[in-house]
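Remarks on the structure that follows.
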Amino acid sequence: MLQRISELHPSYMSMQYPLLFPYGEDGFRPEIECQKKRGDKGKRKYVTMLEFYAYRIQQRLNQATVLQMSGRLFLQFLVDPATCIEQWRLNWYRTNQGKLRTELYRGLHDAIENGDTRTEQVGQRIILPSTYNGSPRNKQQNYQDAMAICRWAGYPDLFITFTCNPKWPEIQDMLDLTPGQKPEDRPDIVARVFMLKLKELMNDIKNEKCFGQTIASKFTNQLQIYYCLHDCPK
């Protein structure tokens, strides 16, 4: 008999990938206690799903690299946790609509005032706030912020394109730790190196002033179909 289990079940990943987890190791589950650093006074008690899987895919010299050397299966494994993380976030927004005060822009009160007193027919809308990356309100807010910057600072003077190169020595050095791998086999390494170099580029532009004094800047990331990160700072 088939049974559907939640993505929060500890055995979710081991049942999905028996080749990667032949011993049925536990995966993520809610309320995994967070080990705080000495002197850390933060109120957070538990590890998030993003932190758990980010730790899980790290390559360590004293551990087996079965997961990282599984080729296309590793790429599929990266997709599943990403969708689980998105589902978990969306579920939080769905169950915490009251905390987000979404009744202010849900439109339900307007429907009642217009004469539709049977609220069950109006339907329940799940509102994604601007803090959720990729939501309509998030895109609208980013656009408005960019237009406000242009209104204050003027039109941009530079449009810079920064593209990831899979032949970068930092990427090749990491791939040499596991012979036979190609950049497309390790998107985690490619993305990490790209973001570090992008951070250094922005530091050169803004702090080192390689193009002169910087008043304002905006940038966006793009992922090409052949998997190379592409950034356009302005």
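Going through (1) under 22 Å from I85 (Cβ atoms); (2) touching a residue at least 40 places away in the same chain (Cβ under 8 Å); (3) surrounded by fewer than 10 Cβ atoms within 10 Å (Cβ to Cβ) one by one, L67 falls short only on (3). The set of residues from segment 1-40 being outside any loop (DSSP other than H, G, I, E, B) and among the aromatic types (F, W, Y) comprises just one member, Y12.
Considering segment 1-18, the residues that are of a type in the set (A, V, I, L, M) and without any contact (Cβ under 8 Å) to a residue 40 or more places away in the chain include one that is farthest from Q76 (Cα to Cα), namely M1.
Looking only at residues of segment 101-133 that are surrounded by 14 or more Cβ atoms within 10 Å (Cβ to Cβ) and modelled with pLDDT of 60 or more, we find that the one that is nearest to R56 (Cα to Cα) is Y132. Only one entry in R60, R94 is out of contact with any Asp or Glu (no Cβ under 7 Å at 6 or more places or on another chain), basic (K, R) and assigned to a loop (DSSP other than H, G, I, E, B), namely R60.
The values are calculated or read from the model by the stated rules, or taken from the named source; none is laboratory data. These figures come from a predicted structure and were not determined experimentally. All Cβ positions, even for glycine, are placed from backbone atoms using ideal geometry, and neighbour counts span all protein chains on display.
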